[in-house]
Amino acid sequence: MSVGQSVLRIPVEPPEIQEITIAPEVAVVGDHPVCVAMADALSTMGLAVTLIHPYESLEGLMDPLRVLVEVDESVAEKYASLTKDLTRPSIKVVGRATVEGIEGQWGDFRLSVLKDASRMEVKASGIAMAFQGISKLPDAYDGMDVIGLSQFFSQLDIHKGCYGQKSESIRKIAFVLDVEQRDEKWASATAFTLGRYLKENFGTEVYILCQDVKVSLDGMEKGYRRAREAGILVFKYEDLPVVEGTAGSWTIRFRDSSAVSKESPWEIALEGLDVVVVQERLRPSENQRNLLTQLRISSEGGFVGPNNPQFLGRTSKKGVVVGGDTWYPEYPTEGWMTAQAAAEELYQWVGKGSYQIDVHRVAEVDPSKCATCLTCYRICPHDSIRIERYGMRNVYITTGAREGGTWEAARVKVATCDGCGLCASECPAKAIQLIYYPDVEVLEFLEKNV
Amino acid sequence: MGSENPKIVAFCCEESGMPAYEHALSLGLELPEGLRVIAIPCGGKAETGYIMKALDEGADAVMVFACYEGNCKYVRGNIRAEKRVNYLKGRLEKLGLSPEKIVFCPVAPANGVRFAELLQQEIEVLRKGT
């Protein structure tokens, strides 16, 4: 029994280095336009890129940007530089293909790809993913004839300023933003850019209803000012606006909380609106959900971004980066920045060729104690413990089984282990120990000092 | 020593608890005399065995300092730690011991003041209990 504070620190020993080689080849997977930007950036860095997308051609992949390219110069600039030169030999494009499953680890991913009803396998050391979200009208306006922002986008005739079946340009339009998602900037940026374009070119009366005006986007402060100068009216609401009427003559009633104090807001009614556009909710697609689950990447509501906002494009799995809506719904200019960051992150994982790993700061399984209960397999945040099913029999052997014998135990893949000790603390058989910080040290410290 | 100078074993996550402890030291805050700090790589490494061993050896309280929810470097380590602590509280209650002997404390790495506060709170709780 000793008196006074005492501290047990994690022992720092000189690292034990092991070298592994990683082939500089990556796969870019998805149906989002930023896939092209990521493939472009990665191939510029000198990596061999396989771009797997579900469309007929790369134009199909870039199609969602068609309208914004005409409207926003900053988008057009990057778009032109991207589409100009994509026929580099280092980019291998696999069109009309979907990725159904991904197996493996950093340095050794195997993608099973379905192309034209036949299966093929693609190998890659790292993966970049970017999928489009699926849009859904907010519950409050579901079933009404109002239009979602992305639907409006795809059906707008940018040269005539008309929407859908009509041949004359829109006279009055209202954008209702921030209905369910208050922090998505893409909708705000799109509405302001598109609204200003309609106002300047076709004299359309544009109203934008939002909860906050989001200007924390590159060029958005200027865009907002220019929109105000052009004569777009912006209102702030707190209670959800009520939309009445039918297509062609909508009425929106709401209380504007920006003009006067919040206690006595102005009652406002906008009448005779041709089109009401509502910001929809973006949901992750089935394919994206599936792949994230297979890779065991943690995501919040299907988006990876909110989990680690300070590291653009980074995921909880080594050697996998994401962009596009898989990261978070973003305006194209911002999305390209994320894509660039993601590509640079991926380059760190696969670009150097050989990597030195500290094999000291890892966990180790004692095969004689392991009961193959799969607890560690479920818990590992980096997916670095694996047990493979052997043949048809219900026998589990490890990926690195000794020659000539079965070794029924889990095995830690040293390259991807970070030494957090979660597996060691949960293992019911106490078969896992951290090499650099065994249980004995803690228990001895407790015996001596408490 | 008893309630006068309770022995508190603090399991500190390397990413948040330890920096908070260092910060508290650098601020010169008064930490309890009976404090035993054990660094662990992640809050989730505070094993059932460690915590029970500490109580078995005669610690008055065990505190697990980990990251706030959503901040864990290892994604869900802090959530596992919290669940484990809650489970152990239930076990203590069944044994007829006070569940307040084990506490889960999320703390930010640069918040040494909070670190010291939480320790002080725990000491007051222990004093009330005895």
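Read the figures in this text as sums done on the coordinates, not as results from a lab. Since we're looking at a predicted model, the values are computed, not measured. Here Cβ is always computed from backbone atoms with ideal geometry, including for glycine, and neighbour counts include all displayed protein chains.
Residues in the stretch A:371-379 carry Karplus couplings, in order, of 10, 6, 7, 6, 5, 4, 4, 6, 7 Hz; the curve used is 6.51 cos²θ - 1.76 cosθ + 1.60 with θ = phi - 60°, and Gly or Pro positions show x. Using only Cα atoms, find the angle between the long axis of helix A:73-84 and the longest principal axis of chain A, and express it within 0 to 90 degrees, rounded to the nearest 10. The angle comes out near 50 degrees. Expressed to the nearest 5 percent, the antiparallel share of DSSP beta bridges inside chain A is 60 percent. Cross-link partners of A:Lys413 among aspartates and glutamates, defined as those whose alpha carbon lies under 20 angstrom from its own and excluding same-chain residues fewer than eight positions apart: A:Glu16, A:Glu19, A:Glu103, A:Asp108, A:Asp358, A:Glu364, A:Asp366, A:Asp383, A:Glu388, A:Glu403, A:Glu426. At q = 0.33, 0.35 Å⁻¹, what is the base-10 log of I(q)/I(0) for the stretch B:82-121 according to the Debye formula with one equal point scatterer per Cα and no solvent? Please give it to two decimals. Per q value, in the given order, log10 I(q)/I(0) is -1.01, -1.08. Residue by residue, the stretch A:20-28 carries 3J(HN,Hα) couplings of 10, 10, 10, 6, x, 10, 10, 10, 9 Hz when phi is fed to the Karplus relation 6.51 cos²θ - 1.76 cosθ + 1.60 (θ = phi - 60°); x denotes Gly or Pro. In terms of surrounding Cβ atoms within a 10 Å radius of their Cβ, A:Val215, A:Val412, A:Val12 rank from fewest to most as A:Val12, A:Val215, A:Val412. Kirkwood analysis of the stretch A:177-257, using all unique Cα-Cα pairs, places the hydrodynamic radius at 13.4 Å. Based on every Cα atom in the stretch A:283-390, Rg and the maximum pairwise Cα distance Dmax equal 16.6, 55 Å. Counting only Cα atoms, the size of the stretch A:115-195 along its three principal axes is 53, 32, 27 Å, in decreasing order. Legend: ranking of residues A:Asp239, A:Asp31 from fewest to most surrounding C-beta atoms inside 10 Å; resulting order A:Asp239, A:Asp31. For A:Ile22, the residues whose modelled amide H falls within less than 5 Å of its own, excluding neighbours fewer than 5 places apart on the same chain, are A:Gly353, A:Ser354, A:Tyr355.
Can you pull the mean other chain C-beta count within 10 Å for peptide B:71-81?
Details: counts 2, 6, 5, 10, 13, 5, 6, 0, 0, 4, 2.
That average works out to 5.
Note on A:Lys369: aspartates and glutamates with a C-alpha under 12 Å away, same-chain residues under 8 apart excluded, are A:Glu408. Axis angle, to the nearest 10 degrees, between helix A:185-202 and the longest C-alpha principal axis of chain A: 30 degrees.
Only helical DSSP H runs with n ≥ 4 go in: add -39500 (n - 2.57) per run for chain A, normalise by residue count and round the 222 nm mean residue ellipticity to 500 deg cm²/dmol. Spell out each step's value before the answer.
On the way: 13 runs with 124 residues, N = 450.
Computed ellipticity for chain A at 222 nm equals -8000 deg cm²/dmol.
Among the listed pairs A:Lys123/B:Lys45; A:Lys123/A:Lys430; B:Lys101/B:Lys128, a Cα-Cα separation exceeding 24 Å is found for A:Lys123/B:Lys45; A:Lys123/A:Lys430. Translational diffusion of the stretch A:1-85, estimated by Stokes-Einstein from the Kirkwood radius over alpha carbon pairs at 20 °C in a medium of 1.002 mPa s, is 126 µm² per second.
When the charge dipole of the stretch B:1-62 is built from unit charges on Cβ atoms (+1 for Lys and Arg, -1 for Asp and Glu) and taken about the Cα centre, the candidate among B:Gly34, B:Ala10, B:Ala24 whose Cα reaches farthest toward its positive end is B:Ala10. The charge dipole of the stretch B:8-129, taken about the Cα centre with unit charges on the Cβ atoms of Lys, Arg (+1) and Asp, Glu (-1), comes to about 520 debye, rounded to the nearest 20. Along the positive direction of the dipole of chain A (beta-carbon charges: Lys, Arg +1; Asp, Glu -1; about the Cα centre), which of A:Val414, A:Gly323, A:Ser150 reaches farthest? Projecting each Cα onto the dipole axis, the largest value belongs to A:Val414. The value of relative contact order for chain A, using C-alpha pairs under 8 Å at least six residues apart, is 18 percent. When the Cα positions of A:Val113, A:Thr44, A:Pro14 are compared along the charge dipole of the stretch A:1-148, A:Pro14 comes out farthest toward the positive end, with charges on each C-beta of Lys, Arg, Asp and Glu.
Three principal axis extents describe the C-alpha atoms of the stretch B:41-85; from largest down they are 33, 17, 15 Å.
Taking every Cα-Cα distance in the stretch A:218-301 and sorting them into 5 Å bins from zero, the calculated P(r) comes out as 3, 11, 13, 13, 15, 13, 10, 10, 8, 5, 0 percent.
Rounded to the nearest 10 degrees, the inclination of helix A:332-350 to the longest alpha-carbon principal axis of chain A is 10 degrees.
Its Cα centre serving as origin, the protein assembly as shown has a Cβ charge dipole (Lys and Arg +1, Asp and Glu -1) of approximately 960 debye. The largest-to-smallest principal axis extents of the Cα set in the protein assembly as shown are 88, 67, 42 Å.
Taking every DSSP bridge with both residues inside the stretch B:8-129, close to 0 percent are antiparallel. Coupling constants for the stretch A:218-226 follow from the phi torsions by the Karplus curve (6.51 cos²θ - 1.76 cosθ + 1.60, θ = phi - 60°), and in residue order they are 4, x, 6, 5, 5, x, 5, 5, 5 Hz; glycine and proline get x. Over the C-alpha atoms of the stretch A:1-159, the Rg to Rh ratio, Rh being the Kirkwood estimate, stands at 1.19. Both radii are taken from the alpha-carbon atoms of the stretch A:334-383; with Rh as the Kirkwood radius, Rg/Rh is 1.18.
When only the Cβ of Lys, Arg, Asp and Glu is charged (+1, +1, -1, -1), the dipole of the stretch A:25-111 relative to its Cα centre reaches about 240 debye. Restricting the calculation to alpha carbons of the stretch A:47-110 gives Rg and Dmax of 14.8, 43 angstrom.
What does the average come to when, for each residue of peptide A:374-383, you count the partner chain Cβ atoms lying within 10 Å of its Cβ? Don't jump to the answer; show the numbers that get you there.
Numbers: counts 0, 0, 0, 0, 0, 6, 2, 8, 2, 0.
Mean partner-chain Cβ count within 10 Å for A:374-383: 2.
Dividing the convex hull volume of the alpha carbon atoms of the stretch B:8-129 by its residue count gives 87 Å³ per residue.
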